[in-house]
Structure formats: structure tokens, C-alpha cells
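Quick note: the coordinates plus some simple rules give every number you see, no bench work behind them. Keep in mind that this is a model prediction, so the values were computed, not measured. Neighbour counts run over all protein chains shown; Cβ positions are idealised from the backbone, glycine included.
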Amino acid sequence: MNMDQALQAFIVESRELLEDMESALLRVTHEADPSDSINEIFRAAHTIKGSAGLFGLDFIVNFAHVAESVLDRVRDGALPIDEAVVSLLLACGDHIAQLVGIAAEGRTSSTPELDAEAAPLLAQLHGYLDAPVVAAEPADGAAESVPEGAMQSWRISLRFGPDVLRNGMDPLSFVRYLGKLGTIASIQTLTDALPPLAEMDAESCYLGFEIALLSDAGRAAIEGTFEFVIDDCDVTIVPMIDGEPGDAAPDASVAGPALLRVAAGTAEAIGERPAREARAGERQSVRVDADKLDRLVDLVGELITASATAMQAGSKLQSSALHEAHSTLIGLVQEVRDSALQLRMVKIGGTFSRFQRVVHDVSREIGKDIVLEISGEDTELDKTVVEKIGDPLTHLVRNSMDHGIEPADVRAARGKPARGTVRLNAYHDSGSIVIEVGDDGGGLSREKILAKAIDRGLVEAGKVLGDQDIYALIFEPGFSTAEQITNLSGRGVGMDVVKRNIAALRGTVSIDSEPGVGTTVSVRLPLTLAIINGFQVSVGNSVFVLPLEAVEECVEFREDTGHDFMELRGQVLPFVRLRTLFDIPVSASVRQSVVVVRHAGQCFGIIVDRLLGEAQTVIKPLAPIFAHLRGISGSSILGSGDVALILDVPALNQILSVSSRTDINKERSCSPT
């Protein structure tokens with residue numbers, strides 16, 4: 001590993017640690033025993049500071065050191081952790097994230113703008129450091145330790161492994177960093193591991209050091225110096241009394257690879273063992289660049305298309321051996337496809353957890369007591385969808401807090417608890433993922449929305465609309481019923497952007513609201529944007545593809561009564577005619593079929609000429625010139641080289657909802673097959 005690679009590893013690890021730190025800060029005040037969370041917060045700041053020092057990133061070290069000092073007081077019980085401390089430390093985490101971003105750009109110093117942002121944070125941190133110390137009672141049987149902040153002499157015995165240079169580490173950088181923690185009183189270079197000159201390897205390290213350090217830093221801070229090189233060195237750290245090691249010094253002859261030996265169980269005090277166990281678990285996974293995964297899925301898509309071409313060519317040959325070999329190939333291709341897509345699947349819990357911070361900050365900004373409840377966090381979907389759904393969900397959550405949750409006095413008058421609740425939930429349904437953003441607020445005002453729509457000319461006065469049609473009006477551009485403009489709402493922008501962004505993901509959004517009880521916004525998205533199991537149909541010479549998960553059954557279209565609905569086992573089934581919708585010329589008389597599909601718990605039919613069967617489908621996006629087409633979500637290349645259009649089931653469902661289905665909407669249902 002060279003230094004560039006090591007720096008990138010530091011950037012990635014630091015961002016992960018900051019996420020862990022934020023999660024722990026958001027829950028620490030709600031825990032009966034916050035010690036584990038406090039240790040996790042301290043370890044995150046401590047590790048970032050120590051690792052940054054190895055790369056000479058002093059602008060990160062200097063800021064993180066002050067934050068770590070405050071956390072050290074919290075860890076020792078000298079400073080209670082309350083909402084004020086949590087808010088300050090959250091802001092400090094945001095600032096460290098900005099500094100890490102600067103380091104990711106290859107810069108080695110902060111900017112005047114960031115220094116100005118840091119000044120008030122540092123002032124608040126120093127305010128806590130200058131506060132009187134509240135002595136904490138030591139636990140029974142706890143080993144005595146050197147008090148933090150007191151000058152102490154330390155003896156550090158350091159031996160590097162032979163591969164430390166190959167791994168991109170500079171042994172002297174650790175020694176230099178120790179100099180920032182205090183004064184190096186003496187240093188002795190150990191050369192007893194040097195082999196004869198003829199046997200020396202120029203890339204191997206044979207050096208060791210005996211260091212006497214005078215510092216007011218605690219043992220944890222000194223240990224952190226070697227956090228980044230823990231697998232490449234042996235180090236012993238013991239306090240010195242009158243220039244000699246104290247009785248707590250361990251037997252220096254006991255050595256093992258990658259062992260950080262410390263006295264009196266200090267590692268347990270800062271939770272080092274759980275941290276190492278976590279790191280051991282991380283080593284079982286491999287980091288893969290997202291672009292490489294995207295390239296893999298693209299290649300699998302080309303493999304599927306080539307396989308379909310080979311199948312068509314092979315079908316013209318009467319060779320059982322060829323057919324058998326091709327069947328085996330198809331099975332393997334499908335397994336490769338499933339494995340490749342699984343690599344891109346991530347749990348949505350990572351996205352959901354980020355909203356804890358949103359709820360924390362926004363609730364303080366608007367003066368409401370609101371808690372976030374999360375469920376379905378183990379639900380998986382394509383990483384591309386996860387990356388693009390964050391912004392729409394953020395707006396929906398903020399909208400629920402600002403518009404949905406009532407002020408505490410209003411909630412009390414309605415017999416509700418003072419604390420409002422915003423809910424995030426995710427689950428799979430019919431080959432899609434449904435994400436729900438709900439609240440227990442006052443619900444949407446049907447009358448106010450309708451009045452505003454009439455006033456803006458969106459709806460004719462006197463026209464009768466259902467609840468869903470009225471609620472859908474809030475997605476119109478510039479639509480808002482807010483009486484006051486705030487930082488969060490009332491500017492007439494947002495919800496239309498939410499719908500547009502969700503539509504760009506081939507998704508739909510719907511609203512269910514009950515006055516006085518709350519509102520739930522449901523976002524329905526495809527599991528993946530790359531490859532699907534498809535069901536091919538044709539109308540005339542045009543081939544269309546339906547997502548197989550949406551297909552319920554296929555039945556014969558026996559009698560055309562001229563209506564856009566039919567009877568299916570005693571129930572009314574509305575349908576859409578693809579020939580009419582896409583203006584496809586009438587061909588020779590064929591026996592038509594009805595493909596029954598399900599969307600959002602409702603069924604409708606699609607009239608087609610022929611059923612072509614199942615096929616793996618590689619989704620290709622439509623060019624911008626075709627963006628206006630309704631009912632089409634993408635395209636695919638067939639084995640013959642022809643283009644097949646992928647039908648947009650949610651869009652077809654919406655087309656039906658505003659046309660012939662109006663009069664039969666109350667009767668529609670779908671019997672189980």
C-alpha cells in the first residue's frame with residue numbers, strides 16, 4: 001500500500017467513523033447507560049485525530065484534539081452529556097467532515113472560511129474545558145491510572161515489523177507525532193535486529209526505538225499514535241516513576257505480532273477490545289469501487305443480450321446437444337445476473353439512520369419535540385436507487401415535521417402526547433419497494449387544498465374530486481397552503497420536485513391522510529434500475545416488456561363490447577388497449593389476450609395480440625427526445641437486434657385512473673388466482 005492508497009483508506013475510515021459518531025451522539029441522551037455510546041464517540045474522534053497526524057494533517061489534528069479533550073471529560077464523568085453538549089459535538093463532527101473533505105482534495109491546510117466557522121466551535125469547546133472538574137467516583141477494584149492533564153513521564157518501547165515500509169508507512173512520522181504530544185526527553189535507536197549487510201533488504205525495516213516522553217496527554221492519546229500501524233509494530237507504553245518504569249509495566253519479553261501491550265487494563269477502559277473485534281469483522285469484507293460494480297452489471301447485461309442472440313440462432317438448428325448446452329448457459333447467465341445484482345443491493349437502514357440527524361436539527365429549529373421511528377431498515381434495494389432517493393425523502397421528512405406535526409399546545413388540546421412522531425418504513429411488495437413517510441400530526445386539510453387549487457385555476461369550481469385526486473394536487477408546481485414562509489416551507493417549491501425525482505426513478509408517490517390522525521406518503525420504487533425478469537408481449541409488429549413481478553395471470557380476450565372494462569370471475573376489471581394507446585396500425589385478425597397486472601394492491605388488464613413468454617431484460621434508458629412518452633419506462637435490445645419497449649405499469653395505472661375507470665372505481669377488485 002503506497003501513501004496515496006493509505007490516505008484514501010484514512011478518508012474512507014474517517015467518514016465511516018464520523019457516521020458512527022453522529023449515530024451515537026443522537027442516541028446517547030436517551031440511553032439508561034450511555035457509557036458504551038460515549039466510548040464509541042470518544043474512539044471515533046480519537047482515531048481520526050491520531051490517523052490524521054500520521055499524514056501531517058495538522059489542521060485536522062488541532063481541531064479534533066480540542067473536541068477529544070471535551071469528550072475525555074465526558075468519558076471520565078467530569079462533564080455531563082446533555083443536549084447542549086450533543087448539539088456542539090454534532091456541529092464539531094460536521095466541521096471535521098469538512099476538513100476531511102479538504103484532505104481528500106489533496107490539500108494540507110484549512111481555508112480562512114473554515115477557520116472562521118471553527119472559531120465559535122472552539123470557543124464553546126474551551127468553555128467546557130475551563131469549567132470546574134467534577135470528580136467521578138472510581139469503580140470498585142479499578143486499577144489506578146495516571147490522571148489526565150497531569151505531566152507524566154512515559155517509557156515507550158517501539159519495534160516496527162519488517163513490512164512497515166512496504167505498507168507505505170514512515171516509522172519516523174510516528175516519532176515526530178509523539179513530539180506533538182509532549183517533549184521527547186530521550187530517544188534510543190535499537191539496531192539489534194539488523195542482519196549482516198549482505199542479507200539486508202532495502203525495503204524491509206529493522207529499526208526499533210526506546211523513547212522517554214514527558215507529556216500531559218493520557219495513555220489513550222499516546223496509544224492512538226499507533227492506531228494506524230497497529231498491525232505492523234509491537235509497542236509497550238508504561239508510566240515512569242522517578243525515571244524508572246512503574247510496577248504496572250508488563251513483561252516486555254512477552255511479544256506477539258500486531259499486539260499493542262498496555263498496563264492496568266486501559267484498553268478496556270476506552271473500549272479497545274470491542275473496536276478490535278469490529279475491525280476483525282470488517283476484514284471479512286472487501287471494498288469494491290462502485291464504478292467497478294456498475295461496469296460488471298453492464299457486462300452482464302451485454303452477456304444476456306448475446307445469449308438471447310445465440311438462442312435465436314441455435315433454434316434454427318436441429319441439434320439436441322446444442323440446445324442442452326444452451327440451456328446450461330442460460331442457467332449460468334441467470335445465476336451470474338442474480339449475483340451481480342445482489343452485489344449492488346444495500347440495506348436502506350443506512351439511509352434511514354441519517355434522518356435521525358435531520359429530525360434532531362429540524363425539531364430544535366422549529367421548536368417542536370419530535371422523535372423518529374424506523375422500521376424495515378433491513379429491506380434491500382439497488383444502490384443506485386438508494387443514492388437518488390435521499391433528497392426526496394429528506395423533503396418529505398422535513399415537510400411532515402413542519403406541516404404535519406402540530407405545536408405542543410395544539411396536540412395537548414387534541415389529547416395527543418406532546419412529542420410528535422415521524423415514521424420511516426420500508427417493505428417489498430410485488431417486485432417493488434415501498435417506502436412510507438408518516439406522521440401522527442393533524443393530517444391534510446381537504447377543503448383548504450381544494451380551495452387553493454380552485455383559486456389557482458387548477459380545478460374547476462363545483463367539480464367533484466375524490467380524496468386521492470385532491471391530495472395529489474399538492475404535487476403541482478408552486479402549490480402551497482402554508483400561511484407563513486419559513487426556512488422549511490411555504491415557498492411553493494419542493495413537492496413537485498419530489499414527484500419529478502421519484503418519477504425519474506420509475507417510481508410513483510401517493511398520499512393517505514386522515515384529519516386529526518396523521519398523513520402517510522408512500523413512495524413505490526423498482527428494486528433495480530439495471531436488469532429485470534420480463535414478460536414479453538406483442539401488438540402488431542411491436543414488442544413490449546412487462547416486469548414479471550407485476551404479472552398476475554393471462555386470460556383470453558373473448559368479447560370486445562367497446563367498453564374499457566370486462567368481467568373477470570364476477571368482478572370488474574378495467575383494461576388499457578396498447579394498440580389504441582400507442583396508435584399501432586391494425587394487423588390481421590388475431591386472438592387477443594389480456595395480461596392482468598397488479599400495482600399498489602389493485603389489478604387492471606392490458607390487451608395484447610400475442611404472449612411471447614418470459615425473458616431476462618436489460619433496461620436501457622430512453623433518450624431525452626422520448627421523455628414525453630406516457631406508459632413507457634425504458635427500452636431493451638432483443639436477441640434479434642430489434643428494440644422492445646418496457647411498459648411503465650404505474651403510468652398505465654394512472655392513465656386508467658383518469659379515463660374510463662372513473663365510473664367503475666368503486667366496483668374494481670382483483671380475485672386471487
What distance in nm separates the simple spin-label points at D583 and R15, each placed 7 Å from Cα in the Cβ direction?
-> 4.8
Fully extended contour minus Cα-Cα distance, from D170 to A600, at 0.36 nm per residue = 148.9 nm
Convex hull of Cα atoms in segment 348-526, direction-averaged projection (nm²) = 10.4
Residue by residue through segment 541-549, the couplings from Karplus 6.51 cos²θ - 1.76 cosθ + 1.60 with θ = phi - 60°, in Hz, x for Gly and Pro, are 9, 9, 9, 10, 10, 10, x, 4, 5
Average projected area of the Cα convex hull of segment 290-346, in nm²?
-> 3.8
Pseudo-spin-label distance S445 to D58, built 7 Å along Cα→Cβ, given in nm, is 6.0
Residues whose placed amide H lies under 5 Å from that of G208, excluding near-sequence neighbours = L190
Theoretical FRET efficiency, 1/(1+(r/R0)^6), r = Cβ-Cβ of A623 and D378, R0 35 Å, to 0.05 = 0.40
Treat each spin label as a single point 7 Å out from the Cα along the C-beta direction, and report the L194 to I330 distance in nm.
-> 7.2
Express in nm, to one decimal, how much length is gained between R287 and Q98 on full extension, taking 0.36 nm for each residue of separation and deducting their alpha carbon distance.
-> 65.7 nm
For A412 and D391, what is the calculated FRET efficiency with R₀ set at 25 Å and r taken between the beta-carbons, to the nearest 0.05?
-> 0.15
Full extension between S186 and L548 adds, at 0.36 nm per residue less the Cα distance, a length in nm of 123.0 nm
Would you give the gap between the C-alpha center of segment 162-218 and the C-alpha center of segment 592-662, rounded to a whole Å?
-> 67
Estimated FRET transfer efficiency (A306, L343; beta-carbon r; R0 22 Å; 0.05) | 0.60
Descending principal axes extents, segment 289-401, alpha-carbon based, whole Å | 76, 23, 23
For 294-306, 32-44, ranked highest to lowest by mean beta-carbon neighbours within 10 Å, the order is 32-44, 294-306
